[in-house]
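One structure below.
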Amino acid sequence: MDLQGYIKRMKAEQDVRSVPRTRRGRARPARCLERESFVAKDMVDVLLEIASDPNLEVQIDRDGIKAFIQDLIAGGTESSAMTVEWAMRSSRSPSGADVGTPSVPQGRVVDGYDIPVGTRVLVCVWSIARDPVLWDSPEEFMPERFLGSKIDVKGQDFELLPFGSGRRMCPGYNLGLKVIQVSLANLLHGFAWRLPDGMATEELSMEEIFGLSTPRKFPVEAVVDPKLAAHLYTEA
Ligand code: HEM
């Protein structure tokens, strides 16, 4: 199957995917999952087929395919999961967009510096996001600083680049933001969260460690109580 054929098939799949519903109008997760793995297997098949085509304008080899899939898995899971964990700070209702601290390096020519062609330039978005010239109390975790702010995370405001910018910007940013929003909404709507007895909010460590997605140094430990009727936690 060629790329066009694959895209057509994906679209047809999407149409089918929107159909299965429970009687209450909810999507049926089991059927969806089956289809997701089917689509993922298809994608790998198509990539392998493309890799063996000598006439392609831009060649992709098996290592390229592996890197691509690794990008999708790492980018599609850890980045969003880490953001949700950072956002789960007791007694606040933060949103995913509040906590963008990427550590994936990005390349740009730096204004005013003579960078020879071919130089690998890494922009440290970590320090830009903590620059006291740009941010008040940059070391403070203050999601509310973004309330009413015009700065967004879509690569246009260079003070905040959690998804990078330009043509190598994260292609999964929309999915990432939605996953974070839905995960947080469900966690906050479905459960009452508090710190373990005797622990004050200020004691919660905000230290981080170096990693692909800047994980917390210490995982959040919280006490969780259900807020909703029991059947709402098990219904498909
Ligand atoms: C909170 C969630 C996410 C964050 C913070 C994030 C962040 C980033 C960053 C900073 C880059 C590098 C951009 C650049 O070089 O300028 C990137 C690239 C990438 N991301 Fe994400 N990402 C997230 C979610 C996702 C998701 C959900 C997917 C896919 C399902 C994804 C797939 C990718 C891929 C394939 C690239 C490489 C793009 C390229 O090199 O052309 N990301 N991401």
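The values are calculated or read from the model by the stated rules, or taken from the named source; none is laboratory data. Worth saying up front: this structure is predicted, and the values here are computed from it rather than measured. Positions of Cβ are generated from backbone atoms using ideal geometry, with glycine treated the same way; all protein chains shown enter the neighbour counts. Side chains included, ligands, DNA and RNA excluded: accessible areas come from the protein's heavy atoms. Shrake-Rupley method; radii C 1.70, N 1.55, O 1.52, S 1.80 Å.
General remarks:
- Label-point gap, in nm, between Tyr233 and Ile65 - each point 7 angstrom along Cα→Cβ: 4.3
- Counting only protein chain heavy atoms and rolling a 1.4 Å probe, the accessible areas of His189, His231 rank, largest first, as His189, His231.
- Sequence-distant residues sharing a close amide H with Val223 (under 5 Å, placed H): Arg194, Leu195
- Arg145, Arg120, ranked by accessible area, largest first (probe 1.4 Å): Arg120, Arg145
- Where the Cα pairs of the stretch 100-236 fall when distances are cut into 10 Å bins, in %: 9, 29, 34, 19, 7, 2, 0
- Among the listed pairs Lys150/Lys178; Lys66/Lys178; Lys150/Lys227; Lys154/Lys227, those beyond 28 Å (Cα-Cα): Lys150/Lys227; Lys154/Lys227
- For Phe191, residues with placed amide H under 5 Å, excluding near neighbours: Lys227
- Accessible surface, per residue, of the stretch 123-198 when the full set of protein chains is kept, probe 1.4 Å, Å²: 67
- Protein heavy-atom surface of the stretch 124-236, 1.4 angstrom probe: 58% of the accessible area is carbon and sulfur, with nucleic acids and ligands not counted.
- In the context of the full protein assembly, Ser137 retains an accessible surface of approximately 60 Å², using a probe radius of 1.4 Å and ignoring ligands and nucleic acids.
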